[in-house]
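Okay, so here's the structure we're looking at.
The values are calculated or read from the model by the stated rules, or taken from the named source; none is laboratory data. Bear in mind the structure is a predicted one, so any value in this text is a computation, not a measurement. Counting neighbours? That spans all protein chains shown, and the Cβs are built from the backbone with ideal geometry, glycine included. Note: areas computed on protein heavy atoms with side chains; ligands, DNA, RNA excluded. Shrake-Rupley method; radii C 1.70, N 1.55, O 1.52, S 1.80 Å.
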Amino acid sequence: MSTNQEFDCVVIGAGVQGSFAAYQLAKHKQKTALLEQFVLPHTRGSSHGQTRIMRKAYAEDFYANMMDETYELWAQLEREAGVKLYRQTGLLVMGPEKSHYFEQVKKTLQRNRVPMVTLTSDNFNQHIPHVKLTEGDGAVVEVTAGVLYADRALKAAQAQFQKLGGVIRDNEMVTDIKPGPIVTVSTSAGVYRAKRVVITAGPWANRLLAHTGLQLPLEVVKINVCYWKEKAPGSYDVRRRFPCFISTESQESKEHIYGLPSNEYPGLMKICYHAGSKADPDQRDQQTDRSDIDILQCYVKRCFPGLFPEPAVVESCLYTVMASSLDQSLASFCVNSAWERCPPMTFHLSESDAFRQTPNQLYRAWTGYSSLS
């Protein structure tokens, strides 16, 4: 159906970032359209899947402080939607006791007075059964951390947006963006005009930004999301209060390995490698690198003896990241330059931590937006 409509704001990309941005805009009385190139719901980007870890256990105080507000904003959405979005499980953080990152995480939790329990090699298995703590590793449990029900949260944000009068148009690919005092967005189904445009397109960000003459140093990587079968049913089950976990560094890799208790698939625990290989978002299945799964198999066999060391289910997710800290600085410069060239446009680039922090990021983005309007 052909459309030619005017809005206060058009948001491009209906993942968690775009959906929550649209929801916040609608709450602030902005007439908003949310555009999505695929039929909703879909599993093509970064916002699908049933669970994400919610935590304050970061090496940086900035993220721990951000999460205070984030928890409250997710709770606010829970109340408005009447849907349970969060379950407290605790988060086990393991890593070489004298490593810089592990020490920084502990200090961040302590400085911010986050409830935590320090475990030792003597009492570890009394509290965390079916896991082997590596010799020389430390372990702490962030008590208030837990699981965010991701699919449910995305659906709730979109539903609340629509209740507030927001318009969702899925199966509409954006074909052109013309910046100006009024931004014109053309899609496969029609034309939209708006005072502001928010781009939250994740892996497809640069393709959209090309219409504005802007490109950012982004890298799209495919993450293999692996589920491992319990040898004894219930050993790692969320209903038995098994926690989420992060291994900050291990014998197998310097990269993080993280996991969530058995929940979405009965008898299967999610354990993933926090890095991936470059991929084309439109041809993601052609990227068949399994080096991360090889690392995980060794790790699971050594540290999680209650799991079969071969993934029972492998799904995938896409991260959109900056390739380096230099690229992050360059990206900031590019975005600031973009404001000079096309000020009615806002860019938000999803990264690996984006889902849990979305309410805070978009709430603060709204504060900046309203001050510019």
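A few remarks follow.
- Subset tally (residues that are in contact (Cβ under 8 Å) with a residue 60 or more places away in the chain and more than 21 Å from the chain's Cα centre (by Cα)) for the range 102-132: 6
- Pairs meeting the criteria (first residue in the range 78-96 and of a type in the set (D, E, K, R), second residue open to solvent by less than 50 Å² (accessible area, probe 1.4 Å) and not in a helix (DSSP H, G or I), beta carbons under 8 Å, at least 6 apart or on different chains) are Glu78/Leu85; Glu78/Tyr86; Lys84/Tyr149; Arg87/Gly146; Arg87/Val147; Arg87/Tyr149.
- Looking across the range 187-208, just one residue is open to solvent by 20 Å² or more (accessible area, probe 1.4 Å) and of a type in the set (Ser, Thr, Tyr), and that is Ser188.
- Put simply, of Lys231, Lys195 the only residue that is within 30 Å of Val117 (Cβ to Cβ) and more than 23 Å from the chain's Cα centre (by Cα) is Lys231.
- Among the candidates Lys155, Lys163, the residue that is under 26 Å from the mean Cα position of the chain (by Cα), over 19 Å from Pro243 (Cβ atoms) and without any contact (Cβ under 8 Å) to a residue 12 or more places away in the chain is uniquely Lys163.
- Selection within the range 297-314 - open to solvent by 20 Å² or more (accessible area, probe 1.4 Å) and not in a loop (DSSP other than H, G, I, E, B): Gln297, Cys298, Lys301, Arg302, Val313, Val314
- The one condition from (1) surrounded by fewer than 14 Cβ atoms within 10 Å (Cβ to Cβ); (2) at pLDDT 95 or above; (3) assigned to a loop (DSSP other than H, G, I, E, B) that Val117 does not meet is (3).
- Counted residues, the range 209-224 - those being charged (D, E, K, R) and either open to solvent by less than 10 Å² (accessible area, probe 1.4 Å) or in contact with a Gly (Cβ under 6 Å, 6 or more places away or on another chain) (or both): 1
- Test: Pro343 is within 30 Å of Ile182 (Cβ to Cβ), assigned to a loop (DSSP other than H, G, I, E, B) and at pLDDT below 65: yes
- Within the range 25-46, the presence of at least one residue that is among the small types (Gly, Ala, Ser), over 14 Å from Ile199 (Cα atoms) and modelled with pLDDT under 90 is confirmed.
- Residue match in the range 170-186 (condition: among the hydroxyl-bearing types (Ser, Thr, Tyr) and within 30 Å of Gln104 (Cβ to Cβ)): no
- Matching entry among Thr175, Thr184 (being assigned to a strand (DSSP E or B), open to solvent by 10 Å² or more (accessible area, probe 1.4 Å) and in contact with a Lys or Arg (Cβ under 6 Å, 6 or more places away or on another chain)): Thr184
- Options Asp294, Asp285, Asp327: the member that is part of a helix (DSSP H, G or I), modelled with pLDDT under 85, among the charged types (D, E, K, R) and out of contact with any helix residue (DSSP H, G or I) (no Cβ under 8 Å at 6 or more places or on another chain): Asp327
- Some residue of the range 51-59 being closer than 26 Å to Lys163 by Cα and in contact with a strand residue (DSSP E or B) (Cβ under 7 Å, 6 or more places away or on another chain): yes
- All of Gly45, Gly90, Gly49 fail the test of being open to solvent by less than 70 Å² (accessible area, probe 1.4 Å), at positive phi and in contact with a helix residue (DSSP H, G or I) (Cβ under 9 Å, 6 or more places away or on another chain), apart from Gly49.
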